[in-house]
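What follows draws every value from the coordinates through simple rules; no lab data is involved. The model shown is predicted, which means the values in this text are computed figures rather than measured ones. Here Cβ is always computed from backbone atoms with ideal geometry, including for glycine, and neighbour counts include all displayed protein chains.
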Amino acid sequence: MSAVKRVQQWASFARVWHLFDARWQNPFDSGVLIAKYLKGLYKPLYGAQSLCGDHVVVINCRHVALPGNEWRKRVYFHHATYPGSQTWTPAWEMHTRNPVMVMKKAVYTSMHGNLQRRHTMMRLHLFADEEIDPEIAPRISNVIKQIRPVPERLDLMPEEKVKSFPQIADLDKDYVIPELKEYPNWESKFRKMKKEGKKK
Amino acid sequence: MFRNLQVLSQIGAFAARKIGIFPSQILRPFTLSSVNRLKEIHEKREGNNLTIEGVYVDLPKSNVILEKSFNNKGVCSICALGVEVKHTDVLILSQFVRPDGLMLPRRITGLCRKQQKRIGTMVTMAHKAGLMSNLNPTYSKKDPEKRGQWKKFKSYFDESTIGKRKPPKPEWKWIWKKRNFYEKV
Ligand SMILES: [Zn+2]
């Protein structure tokens with residue numbers, strides 16, 4: 001093997017480090033996307049036996065978005081093999097305990113359950129927030145495009161943008177602009193219930 | 001709408017004549033020109049005299065008006081635009097709500113029945129996703145990340161589900177008796 005060919009071999013089998021920002025992304029859609037890079041399916045030299053998978057660094061796992069009411073409705077099942085030890089945990093509870101777990105399980109379930117899956121998962125690096133491990137950060141050389149556009153919050157928008165946006169609503173002329181009511185002794189329903197419970 | 005108002009005012013004048021009030025006090029001019037002003041009520045107290053007057057105020061953005069969505073006879077402002085609004089377009093949705101974030105009724109927004117339903121649902125979606133948290137009642141914490149339980153996490157919505165029926169309830173299964181299967185009670 002000539003020196004050029006040898007370098008070509010190194011270059012083609014070198015592991016690339018990808019970055020994926022999970023902010024406002026559906027973890028189950030992005031899990032399929034991430035698995036493609038983890039296994040190296042996008043490479044022309046891909047083979048199931050050849051080790052051509054890449055590393056993927058996922059940041060902002062805490063800020064993933066689920067559609068509709070799925071935070072309540074999606075449940076994670078676990079069974080510790082003892083009778084009666086089965087648990088059903090809603091996604092929002094899982095996410096409060098571990099902000100990385102929902103994303104991790106989404107990537108894990110998007111792959112087939114073969115012997116290679118656990119080793120492929122070792123190449124996935126998840127971070128709850130924007131901070132990346134200083135050892136990992138300098139290795140990243142590619143950014144995976146997000147699936148969903150990140151929506152902008154009205155309260156965080158710059159004032160100029162809000163003011164320069166044209167008026168579309170053709171409101172009734174005689175509409176009286178109401179003033180914001182003040183609620184001096186307002187208390188949430190749940191806090192009231194808690195207080196009443198304590199008195200008893 | 002304007003014709004109805006004129007008819008109403010004529011009826012009012014007729015009733016006034018019967019009672020004995022001069023009709024010019026009740027008849028009000030109705031214009032078909034572009035409506036870009038709103039009303040505000042001012043109270044003045046001078047000694048024992050309390051004067052209450054309704055003053056027309058310019059819209060907050062009356063300097064930048066999209067002419068296309070105004071002055072359309074028979075077509076509402078969203079239909080005239082021809083733009084598919086999504087629940088993330090908070091700059092459009094925030095124009096149809098009160099300062100505390102509630103949707104305005106149809107007689108004020110001037111939308112057609114279909115668009116009123118769509119915009120109203122999308123306002124709810126935007127609030128649930130925490131995109132318009134500054135338009136909330138005064139007792140609100142404003143920051144969506146300070147909400148409780150699942151409400152503090154981000155969620156997005158599908159606009160194609162607006163106005164559709166909910167899917168029928170699935171058949172009962174013994175496994176649903178378990179606590180935590182669907183949600184914590
Ligand atoms: Zn319309």
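Key figures for this structure:
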| item | result |
| --- | --- |
| Qualifying aspartates and glutamates (Cα of each under 17 Å from Cα of A:LYS145; at least 8 residues distant if same chain) | A:ASP21, A:ASP29, A:ASP54, A:GLU130 |
| Exceeding the 26 Å Cα-Cα cut-off - candidates A:LYS194/B:LYS173; B:LYS39/B:LYS128; A:LYS104/B:LYS164; B:LYS86/B:LYS114; A:LYS181/B:LYS73; A:LYS198/B:LYS169 | A:LYS194/B:LYS173; B:LYS39/B:LYS128; A:LYS104/B:LYS164; A:LYS181/B:LYS73; A:LYS198/B:LYS169 |
| Low-density loop cleavage sites - trypsin sites (Lys or Arg not before Pro) in segment A:154-192, where at most 12 other Cβ are within 10 Å (DSSP) | A:LYS181 |
| Spatial separation of Cα centroids for segment A:59-101 and segment A:136-177, in angstrom | 30 Å |
| Segment A:ASN98-A:PHE13, extension gain: residue separation times 0.36 nm, minus the distance between their alpha carbons | 27.2 nm |
| Chain A - Debye-derived log10 I(q)/I(0), Cα point model, q = 0.13, 0.16 Å⁻¹ | -0.93, -1.14 |
| Projected label distance in nm at A:HIS79 and B:VAL85, using a 7 Å step from Cα toward the beta-carbon | 5.0 nm |
| For residues of A:34-41, the mean tally of beta carbons on other chains within 10 Å | 0 |
| At most 10 other Cβ within 10 Å, DSSP loop - GluC sites (Glu not before Pro), segment A:52-147 | A:GLU131, A:GLU135 |
| Between helix A:3-13 and chain A: long-axis angle, C-alpha atoms, 0 to 90°, nearest 10 | 30 degrees |
| In degrees, nearest ten, helix A:27-39 long axis to first principal axis of chain A (Cα) | 10 degrees |
| Label-to-label distance, nm, for residues given as B:GLU40 and A:LEU45 (7 Å Cα→Cβ offset) | 7.1 nm |
| Cβ-Cβ FRET estimate between B:GLU171 and A:SER188, R0 fixed at 41 Å, reported to 0.05 | 0.65 |
| Three-way shape call for segment A:93-200 based on the alpha-carbon gyration tensor, with the a/c threshold at 1.5 | oblate |
| Nearest 10 degrees, 0 to 90: helix A:189-199 Cα axis against chain A principal axis | 80 degrees |
